[in-house]
1. Between the helical axis of 408-418 and the dominant principal axis of the chain, each derived from Cα atoms, what acute angle in degrees is found, rounded to the nearest 10?
2. To make sure I understand the rule: partners must be aspartates and glutamates, Cα under 13 Å from the Cα of Lys64, and not fewer than 8 residues away in the same chain. Which ones qualify?
3. Give the accessible area for His678 in Å² (nearest 10); use a 1.4 Å probe, count only protein heavy atoms, and leave out ligands, DNA and RNA.
4. Quick check on packing: order 8-17, 497-506 by the mean number of other C-beta atoms within 10 Å, highest mean leading.
5. Gain in length, Lys669 to Arg276, computed as 0.36 nm per residue apart minus the alpha-carbon separation, to one decimal in nm?
6. List every residue whose amide H lies under 5 Å from the amide H of Leu379, counting only residues 5 or more places away in sequence or on a different chain, with H placed 1.01 Å from N in the peptide plane.
7. Using alpha carbons only, what's the Rg to Rh ratio of the chain with Rh from Kirkwood?
8. Among the trypsin sites (Lys or Arg not before Pro) in the range 95-179, which ones are in a DSSP loop with at most 15 other Cβ atoms within 10 Å of the Cβ? Mind listing them?
Amino acid sequence: VSRQLKEEIRRGFARLEDPLAGLLAMLESSSDWKGKGHSLGYCITTELQLWIKAHPTVPQSGTKLKKLQTRVLGMLSQCPANLLDPLISIYQLHTADRNCLLEHVSHLYLQGNYKEAAILSIKLKLQPDQDVEKMCTPLLLQDKANLVEDYVAEYPELQRKLLQTLDTWCDPSFNIRDITRPYQGLSRYKPEKFNRRVLSKLVFRLLERFNVDPALCPNVINQRHLRTLNYLFYKRFVEKTMTEENWGDHIQNTVGENQCLQGHLVQLLLRHCDTRGAARWAQHCQVPPEMLPRAVAEELQKLHIQDRVEEVAKADNYESSKKKDYYQLPIPRENVHFLQTWEETLQCWEKVLQPGQVVGVDMEWKPSFGMVGKPRVALLQLALKDEVFLLDLPRLLEQAEFEGEKEKLPHFIQMLYSDAAITKLGYGMSGDLSSLVATCSALKDTEKQMQGVVDLLAVDKQVDGLSPEHSHEEKGVRQPEKGLSLLVQHVLGKPLDKREQLSNWEKRPLREEQILYAASDAYCLLEIYERLCKDPESFGLGSDLTESLVGKQSKKPRAKKQLNKQEAPSPSGQECQGPRTEPSWPPAPISPQEFSVVCDNMLQGLGRYLRCLGVDVRLLDNEDDHRKAAEIARQEGRVILTSGFPYQTLRSQVGEGRCFSVNCSEKAKEQALQVLKHFNVQVSLSDIFSRCQ
């Protein structure tokens, strides 16, 4: 707005006997202000707001103000969002009669203006006097979950009521049509967005955002546990990628004393085991005998201790016979140290923080199976040429806090990561670091300060012949290797034994199998790096491998951060692509019109946000298989945007750099910024809303 216009507006106010009534008369006689953007009405209103601040005697009170407030309320439903706050401030609507305000919002609601009623309620802080279920239901049916979050954001009691309502709707016996029936004629009604799966995701998002006890939502938690049970049975009996003891640990933790879960466990046991096996695991998980089918109950009575010992021995023999198929730790077992005291840890630091040292770094945490909260690191592994140190982080952090020296651990880790003279090797280090930050918030800036870091994930796509198909071999039964295990197999000859990967890493003492797995995971990084540096050409890599990896990371930690930002939230994190020697980073700028993507079905919010910015977006439907994204990407030349486990499958089906993994825990806006920055998409004002929404 020109200075001349502003001055003219202010002179006009000064000449008016009653500026507030004058503004209202102008707005009532004009329709210009109802449009979006900075209309003349908007400019005059905001100038009056500033003018009142400079002339505090202007605001009125008493009966005259009440009459003006009544007139303003009548206009607010037609009011663009940018005028709401100025009008509420000018006419002091927060001081108006509360019953009058509630009645006006109720009138808006009854007219079907649900969004406007909610926004006005938020602005005037009317939520405590409203029915949260009644206000939020039509918003959820219109796919306005973000507005629902804002509606309850400042009211813990309303958050709890909303979560309890959503949890009731997620009960399998609840008929969701009972909720949707009264809103059949609702404009912008999106019934496909109103189902248990979508509501369950919303519940978990709200639980995490508002830090509410998950016990408040037993139905949603129960459903997630049921899915976890199915997943664990798949890992053990179909994929065969979990040891029996590890699997049993998780089964027992998941089921607990929940009768519904115990019943589901018995059904799964009968489907995957014989009667004897079902009886043995039912006993192990303390399933009440009255819940067991007759044949299993009878078998349970026959079980003797000797039988159980024989079963375990048989399982152990099976496990040991498989060991020769996998990568084995090449250093003696006594050179693997499990550290639980600061005295031991300080000795470890002296060895690790030596100039010229090469350190393999890995971390483990208890799998969350989709429950609330970010994983906290339970074990930090540091591998040197002759020994491996396993740091018990929970114990060490507890001791440091007790001694009043909380900065001990972050100080050591920051020294390690910021020292360019020490080469740190990892695989998907950004994923590890984000979990480390969740464990110890003092480490939040570590990624910015990283130097001398080699993420072997960046080598992954460059190594010749590295694809899941190469790992089938003649065995047929075993699942194809992926991630670090595939890289280890290709470079060192045998894959990693990943059956302990999903262990409960917080349980103490750690089992021997867990200790060996953790040590191998970190130590194999040293062997891969050494082999690749000695003979890069035989793996299709440039001869300046050491310089291109270490040198680049040391000089440009920011580029490293960008490379790692697209990690999938899997145990070791996965990256979109690895540069070939010197990357052309960032890529050449493109406009949103030139950028076309296909969004996996868990990223529909991101897809809609990118479309608002002018990007050519295709969205998978909820029922579509993730692999359809690869099919569309190949046919139409699109980039795949996905997250989590599907990333591993999809990235191998398209060209290098054509699959990008987004952090699912972030909101659509942050995800979109991440995508635009990675692909260097430059958005201009004319791009916004340039495509049909």
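1. Roughly 90 degrees, rounded to the nearest 10.
2. Qualifying aspartates and glutamates at Cα under 13 Å: Asp18.
3. 10 Å²
4. Peptide ranking by packing, descending: 497-506, 8-17.
5. 136.2 nm
6. Glu364, Leu393
7. Details: Rg = 30.4 Å, Rh = 29.4 Å.
We get a ratio of 1.03 for the chain.
8. Working: sites: Arg98, Lys115, Lys123, Lys125, Lys134, Lys144, Arg160, Lys161, Arg177; in loops: Lys125, Lys144.
Taking the range 95-179 and a limit of 15 other Cβ atoms within 10 Å, the loop trypsin sites (Lys or Arg not before Pro) found are Lys125.
The values are calculated or read from the model by the stated rules, or taken from the named source; none is laboratory data. Here the structure is a predicted model, which means the values were calculated and not measured. Here the Cβ is made from the backbone with ideal geometry for all residues, glycine too, and neighbour counts use every protein chain on show. What goes into the accessible areas is simple: the full protein's heavy atoms, side chains included, and nothing from ligands, DNA or RNA. Shrake-Rupley method; radii C 1.70, N 1.55, O 1.52, S 1.80 Å.
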